[in-house]
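To start, the structure under review is shown below, and the notes come after it.
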Amino acid sequence: MSNQAGAKHREETLNVLTQTQMVLKEALNKLGYGEDMFELLKEPLRVMTVRIPVRMDDGSIRVFTGYRAQHNDAVGPTKGGIRFHPEVTEDEVKALAIWMSLKCGIAQLPYGGGKGGIVCDPREMSFRELERVSRGYVRAISQIVGPSKDIPAPDVFTNSQIMAWMMDEYSRIREFDSPGFITGKPLVLGGSLGREAATARGVTIAIQEAAKVKGIDLKGARVAVQGFGNAGGYLAKFMHDAGALVIGISDAYGALYDPNGLDIDYLLDRRDSFGTVTKLFKNTISNEELLELDCDILVPAAIENQITTRNAYNIKAKIVVEAANGPTTLEATKVLSERGILLVPDVLGNAGGVIVSYFEWVQNNQGLYWSEEEVDRRLKEIMVKAFHTVYDTARIRKIDMRLAAYMVGVRRMAEACQLRGWV
Ligand SMILES: NC(=O)C1=CN([C@@H]2O[C@H](COP(=O)(O)OP(=O)(O)OC[C@H]3O[C@@H](n4cnc5c(N)ncnc54)[C@H](O)[C@@H]3O)[C@@H](O)[C@H]2O)C=CC1
Ligand SMILES: O=C(O)CCC(=O)C(=O)O
C-alpha cells in the first residue's frame, strides 16, 4: 500500500472521537503525563442519552434522541453548545465536548467542556415543533445542567430563539429566573452584545494573526468560506469589510463562486434562517469544488470531515482557519502541514464563540452589562494571546498547530485533575 493509500485507509476507519483521542494522547505524552491521565481524559466523565417524546403538529408523537456530554469539571462547570442535526451521534458529541475543554483551556476560561445534540432536522420542523423539542430536551437533562454545573449555548441549526425557550423551561423547573443557565440568548433576555458575531470575530482575529505570520495582506486576499450560517455568514462579511475578496461561499446544497468577489451583503440579505442561499442560484459549484478553489485563505465553517486525504493534496490556500469544529481529519492535517499550509485548528480558531459566551455568563452573574466595544476589546485580547501561545508552541516544538493547541489546551485541566487527586 502506498503512503497515500495507507493514510486514506487509516482515515476511513477512524471516527472523530478516535482521532481526537490520538492527538490528546500525543499531547499528554509530550507534556510528560502517563497513561492514567489519558485514561481519565479520553472520554467525558458523564454522557446522558435522553429520549424526548414530542407531539407533532399533525397530532402524531415522535420520539427524538438527544445527548449531553460533560467532559471534565476539574477546572469549573462544563460549557458548550447544543446542535440540532440529523447526523448527530454519541461519539460526535463526546468529541465535541473534549474540543470544548481544549478551547476553554486555550482561552483560559474557568470551564471544562460540554456539548449536546439532538438527532433531528429542524429544516423539516415547524416553529412550534422546534419549541416543543427544545423544552423537552431541557426537561430531560435538567438534573445535570445549571449555571454552576453545565452551561449550554447555540451550535449548528440552533439559535437565540431556541436558547430563549430553553432558558424559560429551565427557569420554570427551578422556579426562579436563571439567565446564567444558557448563553447565546436574545439581548432582552440577558444575552450579551457581540455574542452573535463572536465566533466569526474570533476567526477574523485568528486570520489576521495568521496572515501576519505568513506575510499575506488581507486587503485583496482571496477568501473561500464553506458554510454561510452564524459562523460563515458573519465571517464572509468581516472579510469583505476588511477589504478581502470573498470569491466563494457555500451551504449544505452547493457553493457560489465569483473570481471577482461575491456581493456578500446581498447574499446575507437573501439567506434563510438555516444559512441557505445557494438554492436561489443556477450557476452553482459543489462544496468539494469550493474547498479546492485557488485562494489565499480557506475557512471551513460548516461541519466535520470536509478536508480529508481525498482533497488535502489539492487545497490551494496558504492558510486554512477552522471555524467549524473538526472539519479536517487527522491524516489531512498531516498532509497540509507537510505541504507548508498553515492550519489554525478549530479549538483555537473558533474559540471566540465560547469566549463571549463566558462574558455573557459573567454579565448574567453580576447583573451588570458591558458595551459591545468592551466585549470586542476583551475578545481580541484573549484571541491574540491564545494565537501566539499556540503558534509559538508549534514553532518551538516543531509540531503542527493542532498538536500544539491540544498541548496548550489540556495542560491546565491535567494539572487541576492532579491537584484534586483524581489521578
Ligand atoms: N455558533 C457558534 O457559536 C459556534 C459554531 N461553531 C462551529 O461552526 C460550524 C458552523 O456552525 P454555525 O455557523 O453556528 O451553524 P449554522 O447552523 O448557523 O450554519 C451552518 C451552515 O453550514 C451549512 N451546512 C450544513 N451542512 C452542510 C454540509 N453537509 N455541507 C456544507 N455545508 C453545510 C448550512 O447550510 C449553514 O450554511 C459548526 O462546526 C459549529 O460547531 C464553533 C464555535 C461556535
Ligand atoms: O458558546 C459556547 O458556550 C459554546 C460554543 C460552541 O459550542 C463551540 O465553541 O463549539
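No value in this document is a laboratory result; all are computed from the given coordinates. Owing to the predicted nature of the structure, the values given are computational and were not obtained by experimental measurement. Here the Cβ positions follow ideal geometry from the backbone for every residue, glycine too, while neighbour counts run over all protein chains shown.
Odds and ends about this structure:
- Extension gain, residue 187-residue 288: 0.36 nm per intervening residue step, less the Cα-Cα distance, totals 32.6 nm.
- In terms of distances greater than 19 angstrom between alpha carbons, the cross-link table entries 25/214; 94/115; 94/385; 334/398 yield 25/214; 94/385.
- Histogrammed with a bin width of 5 Å, the alpha carbon distances of the range 202-262 distribute as 4, 20, 29, 25, 15, 5, 1 percent, first bin at zero.
- Proximal aspartates and glutamates relative to residue 380, as straight alpha-carbon distance under 13 Å, when same-chain residues fewer than 8 apart are discounted: 209, 372
- Length-normalised contact order for the chain - Cα pairs under 8 Å, 6+ apart - percent: 17
- Among 118, 315, a tally of other beta-carbon atoms within 10 Å of each Cβ gives an order, fewest to most, of 315, 118.
- Stokes-Einstein diffusion coefficient of the range 1-134, Kirkwood radius over Cα pairs, 20 °C, 1.002 mPa s, in µm²/s: 129
- Residue order, fewest to most beta carbons within 10 Å, for 290, 267: 267, 290
- Rg followed by Dmax, in Å, when the range 276-378 is reduced to its Cα trace: 17.5, 51
- The stretch between residue 26 and residue 91, if pulled fully straight at 0.36 nm per residue, gains 21.4 nm over its current Cα-Cα span.
- Each peptide in 409-415, 79-85 was scored by the mean count of other Cβ atoms within 10 Å over its residues; highest first, the order is 79-85, 409-415.
- In the chain the Cα-Cα distances spread across 20 Å bins starting at 0 as 28, 61, 12, 0 percent of all pairs.
- Selection among 273, 112, 122 by position relative to the dipole of the chain gives 112 as farthest towards the positive end (Cβ unit charges, Cα centre).
- Remark: the residue 397-residue 128 segment gains 91.6 nm on full extension, using 0.36 nm per residue and subtracting the alpha carbon distance.
- Placing unit charges on the Cβ atoms only, positive for Lys and Arg and negative for Asp and Glu, gives the chain a dipole magnitude near 720 debye about its Cα centre.
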